[in-house]
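Worksheet: the structure to be examined is printed underneath.
Values quoted throughout were computed directly from the atomic coordinates according to the rules given, and no laboratory measurement underlies them. As the structure is a computational prediction, the values presented were derived from the model and not from experiment. Here the Cβ positions follow ideal geometry from the backbone for every residue, glycine too, while neighbour counts run over all protein chains shown.
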Amino acid sequence: MLEDLFKVVKTRFNGTEGKSDEGVRKKDIPDDLLFKCPRCLQTIFSEEYAALNKVCPSCNYHGRLTVNERLRLTIDKGSFVEYDSDMISKNPIDFPGYAEKQAKLRCETNLKDAVVTGEATIRGIKVVIGVMDSRYMMASMGSVVGEKLTRAIETATEKKLPVIFFCASGGARMQEGIISLMQMAKTSGAIAKHSEQGLLYISVLTDPTTGGVTASFASLGDIIIAEPKVVIGFAGRRVIEGTIKQRLPDYFQTAEFMLEKGFVDMIVERKRMRSTLAHLLKLHGYTDENRYNN
Amino acid sequence: MNKLSAYERLELIRHKNRPTVRDYIPQIFDEFYEIHGDRLYGDDGAIIGGIGRLGERPVTVLAQVKGRNIEENKKSNFAMPHPEGYRKALRLAKQAEKFKRPIICLIDTPGAFCGVEAEARGQGEAIAKNLAEFMMLRTPVISIVLGEGGSGGALALGVCDELAMLENALYSVISPRGFANILWKDASREREACQIVKCTAEDLMRFGVAETIIPEPVGGAHNDLYKISENIKEFLLEKVEEKCQKDIDLLLKERYTKFRKIGEFEENEDIAN
Ligand SMILES: [Zn+2]
């Protein structure tokens, strides 16, 4: 039944770019009414998609969440205390249009940059959490992302708390030049120090985790979890396709591919994420009294 | 001194006679023994590692290899390492730590290799691991960018106590070509991109990424291999000695701080708009 509805929607709206008469009709319907799955290309009403917590009912692709959506699905209600909520980036290499672009994005997303960090509890267990939001410059890592994550890790080290990062990123933020590259070393170094204290870091790879973030903190989790069907990789798919002059299979650089190759520990569905995290935390000796039993 | 533009430097470091690590190593180190393989998968030709003597002191050398001709470049994959290259570097770095040898990293790469096999073998993980592990290595690490320092592929040998740039070397988050491609969808506008991305030795000093600029002979390193090797060696002798004298815990603290303080941002008060 529902499937039939999708088919109708699909035939009506699939693949039109506003040129055919179908496109004219499409104009009557707001863009955000429909969601087209980037994996299976099925179309679904946005309301339906949202009700499914942005998981595609046809192929189980786990779509991109905003910070607030992610927090709502992950942590105990009302437990979040944000760190560094007012930090914004400068324009270190005077990149043309960077400041304007950020001002616009700040308005549109109500974010100050691509990551939100803070303290929260998951089923009563206290954690330091960081969530990246791909709406903000594809969650690329510049000074603010690097600094906020590093501070969060350092705070966790100080307070002997576990760290959970929901990673998503297009990579280093090239608008900040070499400074963005250095954030990779900075965050990785902070993780190394956190690890040295015997503390747990769980990295959750969400859609998409690529480039300099894959090549730094995202790949350094004691436990690396991925959501189903998300993109995970280092190099851009098109860059590789350009080099080898052929199209790569859809399976390449997915969570499932990375699991098979040994770079992801487990794939966890969104509906089981909170309980999985809570169990893993407990297995590492973190309790809801926030006591670390060593 | 006549300062060249970023693009002129890019042309210089692409000069076919620009010295490579194959030229430098025999000039700078004695009794150099190359050590192969990551003991996990294979031996990557893009990074050579080995043990040698710098003056009196045994050191571990990790170096990215640009070929001087097509044959050499085939072997070294144009200095674009695969994951096993970074894993070899880490293996030898750990070995250096064990035997208390300082580590010298010679950086010269367009970037980590982007390919199907590199992805399948975990290019991202290999680089990430080097960043974290090099930060904690209990032995001095000195890195020098010889020509091209391309992105994460360079940084994987760039977590160090002291970073030097050869005068005309460039170190960048993305190649000027790639930058032009992303900015204007036009890779040919490399020259403009070069200026915008701010990747010269002076830029890096200003950002606190590099600590030293090693002067090149007039017209560039290729004009006098002996002289440029001497300059590099002089720098290394001084810095290695200095870092070896330092208390190791202090050295590690300073290494962490060196990267920790890089970043430009502002907080609250002044931004209430
Ligand atoms: Zn789907």
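Set the Förster distance to 30 Å, then compute FRET efficiency between B:ARG206 and A:LYS261 from the Cβ-Cβ distance, nearest 0.05.
Efficiency at R0 = 30 Å is approximately 0.15.
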*With at most 16 other Cβ atoms within 10 Å, longest stretch of chain B clear of loop trypsin sites (Lys or Arg not before Pro) (DSSP)*: B:186-245
_Over 19 Å [Cα-Cα, segment A:165-214], rounded percent_ = 32 percent
*Where labels lie 7 Å past Cα in the beta-carbon direction, separation of B:TYR41 and B:LYS3 in nm*: 4.1 nm
*Could you work out the helix-only [θ] at 222 nm for chain A, with each DSSP H run of four or more residues adding -39,500 (n - 2.57) and the total divided by the number of residues, to the nearest 500 deg cm²/dmol?*
-11500 deg cm²/dmol
*May I ask you to list the chymotrypsin sites (Phe, Trp or Tyr not before Pro) in segment A:200-279 that are in a DSSP loop and have at most 12 other Cβ atoms within 10 Å of their Cβ?*
A:TYR251
*Please identify, among B:CYS194, B:CYS160, B:CYS244, the residue showing maximal mean-square fluctuation in a Gaussian network model of chain B using a 10 angstrom Cα cutoff.*
B:CYS244
*Which lysines, on any chain, are close to A:LYS36 with Cα under 23 Å apart, when same-chain ones fewer than 8 places away are left out?*
A:LYS7, A:LYS10, A:LYS19, A:LYS26, A:LYS27, A:LYS54, A:LYS229, A:LYS271
*Would you please name the trypsin sites (Lys or Arg not before Pro) within segment A:58-90 that are DSSP coil residues with at most 15 other C-beta atoms within 10 Å of their C-beta?*
A:LYS77
*Looking only at Cα atoms, what is the convex hull volume of the protein assembly as shown per residue, in Å³?*
167 Å³
*Report the full-extension gain for the segment B:ASP249 to B:ASN268: residue separation times 0.36 nm, less the Cα-Cα distance, to one decimal in nm.*
3.4 nm
_Could you tell me the calculated FRET efficiency between B:PHE32 and A:SER58, based on Cβ-Cβ distance and R0 = 51 angstrom, to the nearest 0.05?_
0.30
*Which residues does a label at B:ARG53 reach in segment B:99-113, if reach means a backbone N under 17 Å from a point 7 Å past the Cα toward the Cβ?*
B:101-102
*asked:* Between 0 and 90 degrees, rounded to the nearest ten: what's the tilt of helix A:143-159 against the longest Cα principal axis of chain A?
replied: 40 degrees
*Name the long-range amide H neighbours of A:ASN91: under 5 Å, sequence gap of 5 or more, or other chain; modelled H, no Pro or chain starts.*
none
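When Lys and Arg each count +1 and Asp and Glu each count -1, what net charge do the other residues less than 10 Å away from A:MET273, Cβ to Cβ, add up to? Walk me through the intermediate numbers first.
Details: positive: A:ARG70, A:ARG270, A:LYS271, A:ARG272, A:ARG274; negative: A:GLU227, A:GLU269.
Charge balance near A:MET273 sits at +3.
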*Using a 10 angstrom cutoff on alpha carbons, build the Gaussian network for chain B and name the most mobile of B:VAL141, B:VAL65, B:VAL173.*
B:VAL173
*Highest-MSF residue in chain A out of A:HIS279, A:HIS62, A:HIS194 [GNM, Cα springs under 10 Å]*: A:HIS279
_Radius 12 Å from Cβ of B:ARG121, net charge of other residues (Lys, Arg +1; Asp, Glu -1)_ = -4
*Rounded to the nearest 0.05, what FRET efficiency do B:ASN17 and A:LEU248 give with R0 = 60 Å and r taken as the Cβ-Cβ distance? Could you check?*
0.95
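What is the ratio of the Cα radius of gyration of chain B to 2.2 N^0.38 Å, with N the residue count, to two decimals? Numbers along the way, then the final one.
Working: Rg = 18.2 Å, N = 273, 2.2 N^0.38 = 18.5 Å.
Against the empirical 2.2 N^0.38 Å value, I get 0.98 for chain B.
Which value, in debye to the nearest 20, gives the size of the charge dipole of segment B:6-258 about its Cα centre, when Lys and Arg are +1 and Asp and Glu are -1 at the Cβ? Mind dumping the intermediate values first?
Details: 36 positive and 39 negative charges, 99 e Å.
I would put it at about 480 debye.
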_Quick query: amide H of A:PHE35 versus all other amide H atoms, modeled in the peptide plane; which residues come in under 5 Å with a sequence gap of 5 or more or a different chain?_
A:ILE44, A:PHE45, A:SER46
